[in-house]
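Structure first, then comments.
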Amino acid sequence: MCLFCRGKGASGFSSSSTAEEVTQGIDGSGLTAIVTGASSGIGTETTRVLALRCVHVVMAVRNVSAGRDVKEAIIKEIPTAKLDVMELELSSFSSVRNFASDFNASGLPLNILINNAGVATGPFKLSKDNMELQFATNHLGHFLLTNLLLDTMKKTARESGKEGRIVNVSSDGHRFSYREGIRFDNINDPSRYGKVAAYGQSKLANVLHANELARRLKEEGVNITANSLHPGAIATNLYRHNAFAKWVVNTLGRFVLKNIQQGAATTCYVALHPQVKGVSGEYFVASTLSKASSQGRDMDLAKKLWDFSLNLTR
């Protein structure tokens with residue numbers, strides 16, 4: 001039992017609703033989705049529930065062996081599941097480009113992109129491309145991936161007549177970024193690094209990315225939405241680098257945190273539910289429309305981040 005779970009919101013669901021419950025009765029036949037970080041945590045449960053609803057899921061994973069194990073386990077439970085496993089290391093721009101190139105060349109349609117994978121509150125470290133690791137993995141990798149897959153999503157939306165959906169799994173941790181929100185001038189400065197604030201910065205970037213992308217897609221008249229969400233406080237290994245958070249998960253997790261089934265609910269809701277049709281540039285909590293922080297709603301900051309990210313990923 002999650003002591004911090006909220007009551008039902010306007011959607012009819014609550015923090016204690018599971019991913020299966022929020023997608024009950026939905027037929028995802030004919031839809032193809034990519035889920036990053038699909039080999040563990042809420043990424044695995046998101047993949048399983050989408051497969052249960054007949055969505056063809058491409059599992060984008062860093063560890064292919066672990067991804068294949070998850071695929072086998074899901075198929076054992078759901079023999080009709082359509083799953084593919086592809087390698088993706090989000091902290092490496094070359095890996096992101098290789099993944100996107102291989103996917104685009106596959107000829108598969110793409111209706112749903114779920115930017116789920118992430119790292120949290122680790123010590124200062126640079127990615128292979130010399131970017132602070134949390135910002136590189138949680139934001140820049142997904143930013144580049146989305147841009148590289150966008151033409152395929154547009155083509156799919158146009159030819160199928162079905163709405164495309166881009167889902168950024170952020171966190172209410174975006175409210176605890178650095179004071180200026182995004183440290184454009186000091187993104188790689190180890191002397192000013194705070195692991196919790198750096199995580200918040202990367203999650204704020206997820207919200208801003210979705211908002212600016214939604215604005216651009218709407219301006220272009222494309223039938224694709226982009227939204228962000230807070231999955232809830234969940235008992236996963238995401239916080240393995242934070243001693244206190246790890247203690248909470250191990251000691252009090254079942255009392256104060258969501259389980260994995262509840263944690264994947266909002267992602268699956270935003271990706272599949274008819275209530276979200278046509279909704280774009282929004283932030284969801286507990287499978288219900290919510291509000292991001294004031295910085296998360298700052299469209300000037302979102303535009304600046306877009307240009308900054310575009311320059312870094314060229």
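Brief remarks on what is shown
- Annotation: extensible slack from LYS303 through SER29 equals 95.1 nm (criterion: 0.36 nm per residue apart, minus Cα-Cα distance).
- Protection proxy ranking, highest mean first, for peptides 272-282, 49-59: 49-59, 272-282, where packing is the per-residue count of other beta-carbon atoms within 10 Å, averaged.
- Given LYS154/LYS291; LYS82/LYS154; LYS82/LYS195, the pairs whose alpha carbons are separated by over 32 Å: LYS82/LYS195
- Rounded FRET efficiency, nearest 0.05, which uses the C-beta distance separating PHE124 from LYS277 and R0 of 35 Å: 0.25
- Total charge dipole magnitude, segment 19-312, about the Cα centre, Cβ charges on Lys, Arg, Asp, Glu only, Debye to nearest 20: 400
- Size descriptors for the chain, from the alpha-carbon set: Rg then Dmax equal 17.9, 52 Å.
- In this rough spin-label picture, where each label sits 7 Å from Cα along the Cβ direction, the LEU108-ARG68 distance is 1.6 nm.
- Of the trypsin sites (Lys or Arg not before Pro) found in segment 119-186, those that fall in a DSSP loop while having at most 11 other beta-carbon atoms within 10 Å are ARG179.
- Subset of LYS71/LYS277; LYS162/LYS218; LYS162/LYS203; LYS8/LYS258 violating a 21 Å alpha-carbon distance limit: LYS71/LYS277; LYS162/LYS203
- Expressed to the nearest 5 percent, the antiparallel share of DSSP beta bridges inside segment 19-312 is 15 percent.
- The chain, relative contact order [Cα under 8 Å, separation at least 6], %: 23
- Sites counted here are chymotrypsin sites (Phe, Trp or Tyr not before Pro) in a DSSP loop (not H, G, I, E or B) having no more than 15 other Cβ atoms within 10 Å; the longest part of the chain that contains none of them is 5-183.
A short reminder: the numbers here are calculations on the coordinates, not readings from a lab. Predicted model only: the values in this text are computed from it and were never measured. Glycine also receives a Cβ, built like all others from the backbone with ideal geometry; neighbour counts cover every protein chain displayed.
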